[in-house]
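Engineer: Please find one structure pasted underneath; my questions will follow.
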Amino acid sequence: MDRHARRAVVLTILFAILLLVLSIIPGDMTGTPGGFYFEGIDKVMHALMYGVFSLLVTNVYLAFYKIKFWPLLLLVCITWFYSILMEILQLYLVSTRSGELLDAVANFAGIVIGNLAFIGYKKLRY
């Protein structure tokens, strides 16, 4: 495994751990919205975080293989499964958080957008 691939794998694992930690810590520690708040900001943050995660996962895949539809679709499913697992964790194991179906939908949207953006970038670049 070359240095780029090793770095990509480590970064992806660290980001997955970050998502786990962010999923289990209390979401609102103050009880009041901050200065940058609007209705639905949590869904935007879900999409952004899982979009970045999707970019990282796809980058690891492309460090070893060429772009092919079915394996990338499988990566989308695996990444979405991880996001659903985090929502289930919040719903049943963390009393300060709540797992929501709309969060999983926002995660999926971010995953798809992240994959499409990364693949589009790679196609344009090469």
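Engineer: Which of the residues that make up region 35-65 are assigned to a helix (DSSP H, G or I) and either among the charged types (D, E, K, R) or exposed (fewer than 12 other Cβ atoms within 10 Å of the Cβ) (or both)? First the steps, then the outcome.
Structural biologist: The first filter runs over region 35-65 and keeps only residues assigned to a helix (DSSP H, G or I), leaving 41-64.
The answer is Asp42, Lys43, Phe64.
Engineer: When the residues of region 98-116 are filtered to those that are over 14 Å from the mean Cα position of the chain (by Cα) and part of a helix (DSSP H, G or I), which remaining residue is surrounded by the most Cβ atoms within 10 Å (Cβ to Cβ)? Walk me through it before giving the result.
Structural biologist: Going through region 98-116, the residues over 14 Å from the mean Cα position of the chain (by Cα) turn out to be 98-102.
The next check asks that each one be part of a helix (DSSP H, G or I); those that pass are 101-102.
Values: Leu101: 10, Leu102: 12.
Only one residue fits best here, namely Leu102.
Engineer: Considering Val94, Val76, which residue is hydrophobic (A, V, I, L, M, F, W, C) and under 16 Å from Leu22 (Cβ atoms)? Show your work before the answer.
Structural biologist: Working: Val76 fails: under 16 Å from Leu22 (Cβ atoms).
After applying the criteria, what remains is Val94.
Engineer: Another question, then. Under 7 Å by Cβ, and 6 or more places apart or on different chains, what pairs join a residue from region 1-22 that is among the hydroxyl-bearing types (Ser, Thr, Tyr) with one that is assigned to a helix (DSSP H, G or I)?
Structural biologist: These pairs meet every condition: Thr12/Leu56; Thr12/Val57; Thr12/Val60.
Engineer: Hey, another quick one. Which of the residues that make up region 71-81 are surrounded by 17 or more Cβ atoms within 10 Å (Cβ to Cβ) and among the aromatic types (Phe, Trp, Tyr)? Write out each step before concluding.
Structural biologist: At the first step, the residues of region 71-81 found to be surrounded by 17 or more Cβ atoms within 10 Å (Cβ to Cβ) are 72, 75-76, 79-80.
Scanning region 71-81 gives a single hit, Trp80.
Engineer: Taking only region 10-34 into account, find how many residues are part of a helix (DSSP H, G or I), at pLDDT below 90 and not hydrophobic (A, V, I, L, M, F, W, C).
Structural biologist: Number of matching residues: 1.
Engineer: Kindly indicate which of Ile88, Ile78 is at pLDDT 90 or above and either outside any helix (DSSP H, G or I) or touching a Gly at 6+ places or on another chain (Cβ under 8 Å) (or both). Don't jump to the end; show me each part of the working.
Structural biologist: Details: Ile78 fails: either outside any helix (DSSP H, G or I) or touching a Gly at 6+ places or on another chain (Cβ under 8 Å) (or both).
Going through Ile88, Ile78 in turn, the sole match is Ile88.
Engineer: If you check every pair at least six apart or on different chains, which have Cβ atoms under 6 Å apart with a residue in region 109-126 that is closer than 13 Å to Leu62 by Cα and in contact (Cβ under 8 Å) with a residue 40 or more places away in the chain first and a residue that is surrounded by fewer than 14 Cβ atoms within 10 Å (Cβ to Cβ) and among the aliphatic types (A, V, I, L, M) second?
Structural biologist: none
Engineer: Inside region 63-105, can you point out the residues that are under 14 Å from Ile24 (Cα atoms), β-branched (Val, Ile, Thr) and free of Cβ contacts under 8 Å to residues at least 40 places away in the same chain?
Structural biologist: Residues satisfying the conditions are Ile84, Ile88.
Engineer: Next question. Which of (1) within 19 Å of Asn115 (Cα to Cα); (2) at pLDDT below 90; (3) surrounded by fewer than 16 Cβ atoms within 10 Å (Cβ to Cβ); (4) within 20 Å of the chain's Cα centre (by Cα) is the odd one out, the single condition Lys68 does not satisfy?
Structural biologist: That leaves (4) as the condition not met.
The values are calculated or read from the model by the stated rules, or taken from the named source; none is laboratory data. Computed from a predicted structure; not experimentally measured. Positions of Cβ are generated from backbone atoms using ideal geometry, with glycine treated the same way; all protein chains shown enter the neighbour counts.
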